[in-house]
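Notes follow the structure.
The values are calculated or read from the model by the stated rules, or taken from the named source; none is laboratory data. For clarity, every value in this text was computed on a predicted model and none was experimentally measured. Quick reminder, even Gly has a Cβ in these numbers, built from the backbone with ideal geometry, and neighbours come from all protein chains shown. These accessible areas exclude ligands, DNA and RNA; they are computed on the full protein's heavy atoms, side chains included. Shrake-Rupley method; radii C 1.70, N 1.55, O 1.52, S 1.80 Å.
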Amino acid sequence: MSLPDVIIVGGGVMGCSLALRLRQAGAKVTVLERSIPGAEASSAAAGILGPQMESDGPGPFLELCLRSRALYGALATELRELTGVDIAYLPCGALKAAFTESEAHHLEATAAWQRALGLRAELLDGKQARQLEPSLSPQALAAVRFPDDHQVDNRLLVRALSMAVARVGATFRSGYVRGIVEEHGRAVGVDLDGDLLRASAVVVAAGSWSGLVQGTAMNPHAVRPARGQMLELQTRLPVTAHILTSEKGYLVPRTDGRVIAGSTMEFAGFDKQVTAEGVSRILAMALELCPALAQAPVTNMWAGFRPFTEDRLPILGPGPLPGLFLATGHFRNGILLTPITAKLLTQCILGERPSVDLTPFRYDRFSARA
């Protein structure tokens, strides 16, 4: 079977990682991006690789996230060898704190079901947690340590992936995708600023903008933007070794003393403003978790759009038209799910059986539920 020519709509971490894997498999790949690759949600994230700290319970989505987390060490090595960029993959672990009795009971239950699955989750009382992280608030009643949840510097990941894609010979083109071009019931390319670009496979990996791409035959409201505001604080030395998190947000310590604090969850369309209320809530969360940050300067603030679906699961695999594939709706877990998404979509496009059952992530699950 001849390898397909593939057009990928979207140059964030999803589009670039998929382009890398397809090109390595021998396919001809063109990545279409409106501006700078990875300039949107990929760069706005915090880089948490935390399937356990984020999980609501066992199931196909947790399994997908765990598989992707397991791929990150090898991906970091590969990208460093291919581009010279160290993506700052850091196996730091995460500490989730409880500030009320109700939250403490919830953490206890979380640790129990995760340990039953064979995952590492260590339940700590407040004193034990502060022995591990002295900067943790004295108000924290309990915590769970997830030693296998890690982090990466997502902006370095964006840079490394875009460099790797260029290095292996994929093509980048900028412009506005007016829509998917369909002939005889099949996707045959895209309309890029009025020009027809043909391909045997088209992938929509445009994050929060995926629903706006015309011609996908997908519900335009299936994916919508969820604004997340973020802050960066600067400390002389890292204040914690672990990612710190609570029910209200998270703190991600970088090795250079920066602390990424987030995040809000707002449905404000494509309005990317940073608001006084958002900043206030993030700072209150940060100081509740780690009072030692009180004198740390705020050095940056920004907002990004998470691609949200109603069930908070991604949309992965073949789309409504033959030749059309979807890799979107990753919501809070886009950075985490980058390597597994690239692997699974490459398998789909090359006509192989995906190594994970994609049924829970099909595009048409929403209409099936209605």
Original post:
Does residue 340 count as under 27 Å from residue 71 (Cα atoms), aliphatic (A, V, I, L, M) and in contact with a Phe, Trp or Tyr (Cβ under 8 Å, 6 or more places away or on another chain)?
Top reply: no
Subject >> Answer from 32, 107 - the residue that is in contact with a Lys or Arg (Cβ under 8 Å, 6 or more places away or on another chain), closer than 24 Å to residue 155 by Cβ and open to solvent by less than 10 Å² (accessible area, probe 1.4 Å) >> reply: 32
**OP:** Restricting attention to segment 187-219, report how many residues are farther than 10 Å from residue 6 by Cα and among the basic types (Lys, Arg).
**Re:** 0
Subject >> Filter result for residue 96 (open to solvent by less than 50 Å² (accessible area, probe 1.4 Å) and of a type in the set (D, E, K, R)) >> reply: yes
Original post:
Of all residues in segment 274-311, which are of a type in the set (A, V, I, L, M), assigned to a helix (DSSP H, G or I) and open to solvent by 30 Å² or more (accessible area, probe 1.4 Å)?
Top reply: 276, 283, 284, 287, 292, 294
Subject >> Residue tally, condition outside any loop (DSSP other than H, G, I, E, B), over 24 Å from residue 267 (Cα atoms) and in contact with a helix residue (DSSP H, G or I) (Cβ under 7 Å, 6 or more places away or on another chain), over segment 228-242 >> reply: 1
Original post:
Restricting segment 56-70 to residues that are open to solvent by less than 60 Å² (accessible area, probe 1.4 Å) and among the aliphatic types (A, V, I, L, M), which is farthest from residue 338 (Cα to Cα)?
Top reply: 62
**OP:** Starting from residues that are within 23 Å of residue 70 (Cα to Cα) and of a type in the set (Asp, Glu), keep the ones in segment 129-164 and report whichever is least open to solvent (accessible area, probe 1.4 Å).
**Re:** 149
Subject >> Hits in segment 310-330 - residues which are among the hydrophobic types (A, V, I, L, M, F, W, C) and closer than 17 Å to residue 59 by Cα >> reply: 313, 315, 316
Original post:
For segment 312-366, what are the residues that are open to solvent by 20 Å² or more (accessible area, probe 1.4 Å), closer than 25 Å to residue 164 by Cα and either touching a residue at least 60 places away in the same chain (Cβ under 8 Å) or of a type in the set (D, E, K, R) (or both)?
Top reply: 325, 332, 343, 350, 351, 352
Original post:
Of these, 169, 185, 175, which one is open to solvent by 20 Å² or more (accessible area, probe 1.4 Å) and at pLDDT below 95?
Top reply: 185
Original post:
How do the pairs read when you match residues in segment 266-290 that are on the phi > 0 side of the Ramachandran plot with residues anywhere that are open to solvent by 60 Å² or more (accessible area, probe 1.4 Å), using Cβ under 9 Å and keeping only pairs 6 or more apart or on different chains?
Top reply: 269/224
Subject >> Residue ID - most open to solvent (accessible area, probe 1.4 Å), chosen from residues in segment 256-273 that are closer than 24 Å to residue 292 by Cβ and of a type outside the set (Gly, Ala, Ser) >> reply: 256
Original post:
Does segment 114-128 hold any residues that are open to solvent by less than 30 Å² (accessible area, probe 1.4 Å) and part of a helix (DSSP H, G or I), and which are they?
Top reply: 114, 126
Original post:
Would you pick out the residues in segment 49-95 that are in a loop (DSSP other than H, G, I, E, B), closer than 19 Å to residue 163 by Cα and of a type in the set (A, V, I, L, M, F, W, C)?
Top reply: 85, 87, 88
